[in-house]
């Protein structure tokens, strides 16, 4: 039978990260805060303080890796790429912007002009009050416009259409990628909804880390002062190490 009169606490490492997360969530739900060993009193030596900082960072990194990837940046980038493709598509078919001085741009403008000319010729041919001579002239104009249109369509098929098909294929691929990214974002949001204690714990660890860093610096400063005072009491002169960064040194270093 134990003769202990005071409360004794034993800290046991979790056998796996999944069990650690389960225990964290259980403690959070019961007491509204996680019961982990690194939450306890801060260490009292610079070396122990540094090991405490490493432990906090390690837990922070392990928990961060559990959170599903946030695709928000990729979603915004994909939207920008789609906007660029739509602009390129419009400029290609009007022969403007980045396509203005290219063979595809010239072919696009010629095709637009040839279509307009052919429409005008057809409209003139359909006029009901034309004389026979005017009808013959309108028919010839329509045939000439049709030949010009056919030639413009061939030039466009050779120089502009391949670019248009590439833009269409790329835009379709980006649309599919965007769907996958939105699905990934939805799954992440659902995960966060059911595991809200983990981001909260990561934030808490961030505050702990700031406090632990300040505490380590305070301990190092105090140890330097203690060294200097002890040397003074022993009648020793100033030691050059009294002003250095102690790093992980735990000895007195007199």
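The values are calculated or read from the model by the stated rules, or taken from the named source; none is laboratory data. Keep in mind the model is a prediction, meaning the values are calculated, not measured. No Cβ is skipped: glycine too gets one built from the backbone with ideal geometry, and neighbour counts run over all protein chains shown.
Determine which single condition residue 132 fails, assuming it passes every other condition in (1) free of Cβ contacts under 8 Å to residues at least 12 places away in the same chain; (2) within 14 Å of residue 93 (Cα to Cα).
The one condition residue 132 does not meet is (2).
When residue 206 is evaluated against the numbered criteria (1) out of contact with any helix residue (DSSP H, G or I) (no Cβ under 9 Å at 6 or more places or on another chain); (2) modelled with pLDDT under 95, which criterion, by number, is the only one it fails?
Going through (1) out of contact with any helix residue (DSSP H, G or I) (no Cβ under 9 Å at 6 or more places or on another chain); (2) modelled with pLDDT under 95 one by one, residue 206 breaks only (1).
Can you tell which of 119, 124 is modelled with pLDDT under 95 and assigned to a helix (DSSP H, G or I)? Spell out the reasoning first.
On the way: 119 fails: modelled with pLDDT under 95.
So the residue among 119, 124 that is modelled with pLDDT under 95 and assigned to a helix (DSSP H, G or I) is 124.
Read through the list (1) surrounded by fewer than 11 Cβ atoms within 10 Å (Cβ to Cβ); (2) in contact with a helix residue (DSSP H, G or I) (Cβ under 6 Å, 6 or more places away or on another chain), then give the number of the only condition that residue 145 fails.
(1)
Residue-wise test of (1) closer than 27 Å to residue 159 by Cβ; (2) assigned to a helix (DSSP H, G or I); (3) modelled with pLDDT of 95 or more.
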| site | (1), (2), (3) |
| --- | --- |
| 77 | no, yes, yes |
| 85 | yes, yes, yes |
| 101 | yes, no, yes |
| 107 | yes, yes, yes |
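Quick check: anything in the stretch 145-153 part of a helix (DSSP H, G or I), at pLDDT 95 or above and within 30 Å of residue 72 (Cβ to Cβ)? Steps first, answer last, please.
Start the filter on the stretch 145-153 by keeping residues that are part of a helix (DSSP H, G or I), which leaves 145-153.
Then drop every residue that is not at pLDDT 95 or above, which leaves 145-153.
Now drop any that are not within 30 Å of residue 72 (Cβ to Cβ), which leaves none.
Checked against the condition, which is being part of a helix (DSSP H, G or I), at pLDDT 95 or above and within 30 Å of residue 72 (Cβ to Cβ), the stretch 145-153 yields no hits at all.
Give just the number: which of (1) surrounded by 12 or more Cβ atoms within 10 Å (Cβ to Cβ); (2) within 30 Å of residue 72 (Cα to Cα); (3) at pLDDT 95 or above does residue 159 not satisfy?
(2)
Output yes when any residue across the stretch 48-57 is modelled with pLDDT under 95, surrounded by 12 or more Cβ atoms within 10 Å (Cβ to Cβ) and more than 35 Å from the chain's Cα centre (by Cα), and no when none is.
yes
Filter the stretch 62-80 down to the residues that are over 13 Å from the mean Cα position of the chain (by Cα) and surrounded by 14 or more Cβ atoms within 10 Å (Cβ to Cβ) and list them by number.
If we filter the stretch 62-80 for residues that are over 13 Å from the mean Cα position of the chain (by Cα), which is where we start, we get 62-67, 79-80.
Of everything in the stretch 62-80, those that are over 13 Å from the mean Cα position of the chain (by Cα) and surrounded by 14 or more Cβ atoms within 10 Å (Cβ to Cβ) turn out to be 63, 66, 67.
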